[in-house]
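Asks: I'd like to ask you about the structure that follows.
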Amino acid sequence: YINWYTSGWVGGYLNRQGYYSANMVSAKKFMSEDEWGYWIEGKPAKGEIKAPDGTVMEKAGAVRDGGSFEERMGRVACWNSVMDEDRYMVKRWNEFIAA
């Protein structure tokens, strides 16, 4: 199952829905250059962008909201990891409990 899941077909299918594949290299083989440019690279569509079922999702010239994969993933912050203000909050908490 894992071999099939990461072989590329599933990744291409997921990418066409706006999600991301666990194996982008193999997924790229199952997408057209225009689809890859639109969904992953954040480029304007050269032609119609279609959903996996064949319905038109976007017309030529459309750009994906949020930009490329790198731009989108570069803005991800996980709620259950250390927050940006961690050092400040730890410092202030230690001052509070020392008072």
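Asks: If I stretch the segment between R75 and M24 completely, what's the gain in nm (0.36 nm per residue apart, minus their alpha carbon distance), one decimal?
Replies: 16.5 nm is the gain from fully extending R75 to M24.
Asks: Additional query: Taking R0 as 41 Å, what FRET efficiency do you get between Y13 and R87 from their Cβ-Cβ distance, rounded to the nearest 0.05?
Replies: Once the sixth-power term is evaluated, E becomes 0.45.
Asks: Compute the accessible area per residue over the chain, keeping the other protein chains in place, probe 1.4 Å, unit Å².
Replies: Details: 7350 Å² over 99 residues.
Counting only protein heavy atoms, the per-residue value for the chain is 74 Å².
Asks: On alpha carbon coordinates alone, what is the Rg over Rh value for the chain, Rh being the Kirkwood radius?
Replies: 1.25
Asks: Follow-up. Loop-only chymotrypsin sites (Phe, Trp or Tyr not before Pro) in the range 19-97, please: DSSP not H, G, I, E or B, and at most 12 other Cβ atoms within 10 Å.
Replies: Listed in order of number, the matching sites are Y19, W79.
Asks: Could you give each residue of the range 53-68 its phi-based ³J(HN,Hα) in whole Hz, using Karplus coefficients 6.51, -1.76, 1.60 with θ = phi - 60°, and x for Gly or Pro?
Replies: 8, x, 6, 6, 9, 9, 8, 3, x, 5, 10, 5, 4, x, x, 6
Asks: Which of the trypsin sites (Lys or Arg not before Pro) across the range 1-94 are loop residues per DSSP, with 10 or fewer other Cβ within 10 Å?
Replies: K59, R75
Asks: Right, another one. Assuming a strict under-27 Å limit between Cα atoms, what lysine pair count do you get for the chain once near-sequence pairs (fewer than 8 apart, same chain) are dropped?
Replies: 11
Asks: Could I ask something else about it? Charges only on Cβ, +1 for Lys and Arg, -1 for Asp and Glu: so what's the dipole of the chain about the Cα centre, in debye to the nearest 20? Could you put the intermediate results ahead of the total?
Replies: Working: 13 positive and 14 negative charges, 20 e Å.
My answer is approximately 100 debye.
Asks: Within the chain, which GluC sites (Glu not before Pro) sit in a loop by DSSP and count at most 14 neighbouring Cβ atoms inside 10 Å?
Replies: Details: sites: E33, E35, E41, E48, E58, E70, E71, E85, E95; in loops: E41, E48, E85.
Answer in residue order: E41, E48, E85.
Asks: Something else now. Please list, ordered by chain and number, the residues whose modelled amide H lies under 5 Å from the amide H of E58; skip anything fewer than 5 residues away on the same chain.
Replies: Amide H neighbours of E58: I49.
The values are calculated or read from the model by the stated rules, or taken from the named source; none is laboratory data. What you see is a predicted model; the values in this text were computed from it and never measured. Cβ coordinates were reconstructed from backbone atoms using ideal geometry, including for glycine residues, and neighbour counts include every protein chain displayed. We work out accessible area using only protein heavy atoms, side chains counted, and drop any ligands, DNA or RNA first. Shrake-Rupley method; radii C 1.70, N 1.55, O 1.52, S 1.80 Å.
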